[in-house]
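S.K.: Got a structure for you, questions after.
Values quoted throughout were computed directly from the atomic coordinates according to the rules given, and no laboratory measurement underlies them. Not measured: the values here are computed from a predicted model. Here the Cβ positions follow ideal geometry from the backbone for every residue, glycine too, while neighbour counts run over all protein chains shown.
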Amino acid sequence: MTLPMRPNPHHDPWVDLIRGYISGTVQALQQGGLIVERSWLDPSDPRDATIVLRDAPALVWDEQTGWREGPFVSGEQGVRTVLDSPS
């Protein structure tokens, strides 16, 4: 069963390989007391994923640079996420 806060399966099996890692990260954030509003897997080249938190910076992971955080500007599944002043 996929919880709404965890990313849905991706139609591309190569991108979907990261779903378990991102789902585990969502679960760990929730167990740590953060509220995850939504998450999704983004396009490939590089594969990446977004986790939008309530009252906290959004998180973006990609296979080339790892994790970065910043205020969420825009993005959705299939569209690269834009963060304001990512770190």
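S.K.: Residues that are under 20 Å from residue 85 (Cα atoms) and without any contact (Cβ under 8 Å) to a residue 60 or more places away in the chain, at least 2 per element: which strands (runs of 3 or more DSSP E) completely within the range 1-62 meet that?
M.R.: 48-53, 58-62
S.K.: Quick one: in the range 9-36, which of the residues that are surrounded by 15 or more Cβ atoms within 10 Å (Cβ to Cβ) and within 18 Å of residue 78 (Cα to Cα) is nearest to the chain's Cα centre (by Cα)?
M.R.: Out of the qualifying residues, it is 22.
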